[in-house]
Amino acid sequence: MKKSMVLALSAILLIAGCTKKTPEESTPQPTQPSVQEEVLPAAPVLSYLPGVALYNPGALYKPSTEEDGLMVWSRNVNCGTVLEVYSYSDSGVEMKTATRVVKKERQERQFVHVRYNGDDYWIQDVTVAVNAVPNVLIEEDTFIYKEPNVKSMTSTALPFGTIVAVSTLKGDSNFTCISVDTEKETFHDVYVKAANVGFGDDMTILALVDGIKKAKNEVLRNELADALAHFTTNSVLVDERRYEEMNKTSQNIDGWLVEEQMPGFFYEENYSTSRPNGPVQDEWETEEGAAK
């Protein structure tokens, strides 16, 4: 009997000893701070957005190689020229502010960073349309609308052949969003009826027609007329211009009309550089230069 009690007591003590926590287990240990690797922000990603020059001529500028903070005129481009616009994933379109003083009056402009023919330039923001492609109007008296609905029609009408920049982001099947310069006013993100905007080869045809009119070399005129014959259009007005120039152009050199015989047939358009924002200037001072 006593032996049994001793065995039972021994078993209880053994269990208690097994379940008792050691000093290391019962004392909470301070936690070690976890080491986290520093996460660096991702580098901005550069992309090029499609852009279109709106002015004729459109002035492109470059930073001065002689004086920091100064941008100087570099070259002109025609209305409708395709440009590549610098845009970064963290900040959007790359721009900078430049100033000049004319007759003691301080003028400030925004410039957009663009690439043309593989070279870098800056262009005034009012003279370029971003996220746009060039096109042409193929109807007479194309009215401008403020919004894509008939109730917002303005009194401003654009003539046949006007070069416009068509937005790649806005517009619908009835109204096309455009930017355009009329020399009296520059419009950004306005609308015209979609049916009045060129389609297919319309812009190429009208460019060839214009080239034939301006060409003073007979061989060149014949070459352009030959190229014109290979394009077709669904526009009645565009086809009329095409047919008219093809009939005027002959491979028979003796049958050519010289400029003196037909005044005004060969012409060179004179585009005014007088704008609401002032004439084209040679130099602009950037913020970096003004801060010196």
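The values are calculated or read from the model by the stated rules, or taken from the named source; none is laboratory data. This is a predicted model, so every value here is computed, not measured. Cβ: placed from backbone, ideal geometry, glycine included. Neighbour counts: every protein chain shown. Note: accessible area is taken over every heavy atom of the protein model, side chains too, but ligands, DNA and RNA are not part of it. Shrake-Rupley method; radii C 1.70, N 1.55, O 1.52, S 1.80 Å.
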Name the residue, out of 215, 165, that is within 16 Å of residue 143 (Cα to Cα) and surrounded by 15 or more Cβ atoms within 10 Å (Cβ to Cβ).
165
Filter the range 76-105 down to residues that are within 13 Å of the chain's Cα centre (by Cα) and among the charged types (D, E, K, R), then give me how many there are.
2
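So that you can scan it fast, the table gives a plain yes or no per residue for (1) within 20 Å of residue 56 (Cβ to Cβ); (2) in a loop (DSSP other than H, G, I, E, B); (3) over 29 Å from the mean Cα position of the chain (by Cα):
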{"site": "204", "(1), (2), (3)": "yes, no, no"}
{"site": "210", "(1), (2), (3)": "yes, no, no"}
{"site": "221", "(1), (2), (3)": "no, no, yes"}
{"site": "234", "(1), (2), (3)": "no, yes, no"}
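Condition check: surrounded by fewer than 16 Cβ atoms within 10 Å (Cβ to Cβ) and touching a residue at least 24 places away in the same chain (Cβ under 8 Å). Does residue 90 satisfy that? Step through it out loud before you land on a result.
On the way: surrounded by fewer than 16 Cβ atoms within 10 Å (Cβ to Cβ): yes; touching a residue at least 24 places away in the same chain (Cβ under 8 Å): yes.
In short, yes.
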If we scan the range 168-175, do we find a residue that is open to solvent by less than 20 Å² (accessible area, probe 1.4 Å) and of a type outside the set (Phe, Trp, Tyr)?
no
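Let me confirm something: among 126, 72, 130, which residue is surrounded by 14 or more Cβ atoms within 10 Å (Cβ to Cβ), aliphatic (A, V, I, L, M) and in contact with a Gly (Cβ under 9 Å, 6 or more places away or on another chain)?
Details: 126 fails: in contact with a Gly (Cβ under 9 Å, 6 or more places away or on another chain); 72 fails: in contact with a Gly (Cβ under 9 Å, 6 or more places away or on another chain).
Result of the check over 126, 72, 130: 130.
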Sort out which residues of the range 93-105 are surrounded by 11 or more Cβ atoms within 10 Å (Cβ to Cβ) and either touching a residue at least 24 places away in the same chain (Cβ under 8 Å) or at positive phi (or both), and write them in order of number.
93, 95, 96, 97, 98, 99, 100
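Here are 108, 66: which of them is more than 20 Å from the chain's Cα centre (by Cα), assigned to a strand (DSSP E or B), of a type in the set (Asp, Glu) and modelled with pLDDT under 90?
Working: 66 fails: assigned to a strand (DSSP E or B).
Checking each option against the conditions leaves just 108.
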Determine which single condition residue 108 fails, assuming it passes every other condition in (1) surrounded by 15 or more Cβ atoms within 10 Å (Cβ to Cβ); (2) touching a Ser or Thr at 6+ places or on another chain (Cβ under 6 Å).
(1)
